[in-house]
Amino acid sequence: MRVVIVEDQVLLREGLARLFADSGHEVAASLPDASGVLEAAGDAELVVLDIRMPPTFTDEGARAAAAIKRAHPSVGVLVLSQHIETTHAVELVPLGGFGYLLKDRVLAVGEFLEAAERVARGGSALDPQVVGRLLGRDRTLSELSDREREVLALMAEGLANSGIAKRLFLSDRTVEAHVRHVLSKLNIPEREDGHRRVLAVLAHLHASADQGPHAAGDDGLRP
């Protein structure tokens with residue numbers, strides 16, 4: 001996998017480059033800002049970039065991510081953030097081949113690389129805390145058991161049934177049953193494609209949030 005890294009913090013940029021290189025991936029470019037990322041992305045399979053970069057340290061990374069997906073739709077984009085900013089994540093997930101993780105997820109090297117590789121293949125990867133924020137606003141989850149909520153959260157993160165089974169130490173058959181129950185209770189069509197399933201879950205969460213009493217809240221879910 002050819003990776004482009006865009007991060008203004010030198011230590012993190014070099015650490016990410018070493019992590020990918022040690023895992024057998026090729027770091028095609030390592031950039032301190034987004035000024036040259038579009039050109040570099042054309043020869044990459046995955047771009048990993050900070051959501052806040054020079055010169056304003058606001059949403060340069062999010063805007064660069066959207067530009068990359070427009071110019072190079074097949075390139076995966078993994079955005080890293082210091083804080084939860086759900087608006088950007090939810091807006092970009094429907095593009096496919098997109099991930100949004102908090103920076104401390106890099107410390108869980110195995111899961112981080114798994115998410116990066118999934119995004120490069122066209123899948124999705126949402127940070128558990130972002131998913132938790134979305135699920136916390138949903139008003140229609142009362143029918144789900146605690147285990148079904150766990151499964152739903154991992155579905156929204158982008159994990160396939162096998163990945164959920166591994167994370168929760170369950171059998172594939174047990175996870176399949178939980179997924180069927182979750183989708184049935186939430187009236188979400190069951191689909192095989194992992195990314196399409198993420199979109200279905202997010203669409204449900206959006207609809208519930210829009211109808212809930214806090215739909216116009218100030219937690220960043222709405223632009």
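No lab work stands behind these numbers, since they all come straight from the coordinates. All of these numbers come straight from a predicted model, not from anything done at the bench. Glycine gets a Cβ as well: all are built from the backbone with ideal geometry, and neighbour counts include every protein chain shown.
For this structure, a couple of remarks:
- Residue 82/residue 43 FRET efficiency (R0 25 Å; Cβ-Cβ; nearest 0.05): 0.30
- Whole-Å distance, taken between Cα centres, linking region 113-192 and region 38-94: 23 Å
- Multiplying the residue separation of residue 176 and residue 71 by 0.36 nm and removing their Cα-Cα distance gives an extension gain of 34.1 nm.
- Cβ-to-Cβ counts within 10 Å put 195, 178 in ascending order as 195, 178, the fewest first.
- Given charges at beta-carbon only (K, R positive; D, E negative), |dipole| of region 12-136 in Debye: 260 debye
- Between residue 108 and residue 146, the distance separating the two model label sites (each 7 Å from Cα on the Cα→Cβ line) works out to 1.9 nm.
- The relative contact order of region 66-120 comes to 38 percent, based on Cα pairs under 8 Å that sit 6 or more residues apart.
- Listed by Cβ neighbour count within 10 Å, with the fewest neighbours leading, 84, 68, 188 appear as 84, 188, 68.
- Packing-based ranking, highest mean first, of 15-22, 73-80, 151-158 given that Cβ atoms within 10 Å are counted: 151-158, 73-80, 15-22
- Projecting the Cα atoms of 92, 27, 48 onto the dipole axis of region 2-126, where Lys and Arg carry +1 and Asp and Glu carry -1 at the beta carbon, places 92 farthest toward the positive end.
- Estimated at 0.36 nm per residue, the fully extended path between residue 121 and residue 22 surpasses their Cα-Cα distance by 33.7 nm.
- Given their separation in residues at 0.36 nm each and the Cα-Cα distance between them, residue 10 and residue 58 gain 15.4 nm when the chain is fully extended.
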